[in-house]
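Working notes, structure below.
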Amino acid sequence: MGVATFVLATAFTYFSELVVAKLKSVVLSLVFLFFIVCVHVIFDTIGIAATVAEEAPFHAKRAKKIKGADKAVIIVRNADRVANWTNDVIGDITSIVGGALGASIVLRLVAANSSINSTLASMTMAGVISALMVGGKALGKKIAMDRAETIIFTVGRALSWAESFLPVRLTKKGGRRKGEGARK
């Protein structure tokens, strides 16, 4: 898990820095930063929904062969792993990348305008990023608690769709049943 996190974090940071370097506009860089914050909130919401969702509603959909229901069952059966990846791995990476991106934007602003107080700009950027992430996660948690099955079914459908044209499987067939190491 640690090695995968390291690889993902460095790749994501490298990609983010490349994007920001190509974006000549501070406004576009801020839009990209907002995108990173949204990814953070969305993945946190998915992780919470996975831990709250019940498996039973997806069995009826799976019996009717509705695309995505089988993936939703796998997500719920592996809620601990899903939450670990979405909340901890992706969440931590996007937090770090968002902070680094914010610092990069502040440096660009200060370099372009020497009258900007770098300490005040850094503090403001850190405060805004933190407020957006924490506030977004709080809202996402409420939505995840209220609509867990809808969220997980949507993710299941997205996984099913992605696997239909990708050369690799994103999920394993089956998954653990409750009582086999998953949440009880």
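Bear in mind these aren't lab numbers, they're just calculated from the coordinates by the rules spelled out. Computed from a predicted model, the values in this text were never measured in an experiment. All Cβ positions, even for glycine, are placed from backbone atoms using ideal geometry, and neighbour counts span all protein chains on display.
Things to note:
- Residue in the range 7-30 that is free of Cβ contacts under 8 Å to residues at least 60 places away in the same chain, farther than 29 Å from M145 by Cβ and among the basic types (K, R) present: yes
- Residues of the range 31-69 that are of a type in the set (D, E, K, R), surrounded by fewer than 21 Cβ atoms within 10 Å (Cβ to Cβ) and touching a residue at least 12 places away in the same chain (Cβ under 8 Å): E54, E55, K61, K67.
- Test for E17: is it closer than 25 Å to L109 by Cα and among the charged types (D, E, K, R): yes
- A single member of A121, A72, A111 is small (G, A, S), surrounded by 13 or more Cβ atoms within 10 Å (Cβ to Cβ) and either outside any helix (DSSP H, G or I) or without any contact (Cβ under 8 Å) to a residue 40 or more places away in the chain (or both), and it is A121.
- Matching option when the condition is out of contact with any Cys (no Cβ under 9 Å at 6 or more places or on another chain), surrounded by 15 or more Cβ atoms within 10 Å (Cβ to Cβ) and of a type in the set (A, V, I, L, M), among V155, V134, V168: V155
- Just one of the listed residues (A21, A49) is in a helix (DSSP H, G or I), more than 17 Å from the chain's Cα centre (by Cα) and more than 13 Å from I93 (Cα to Cα), namely A21.
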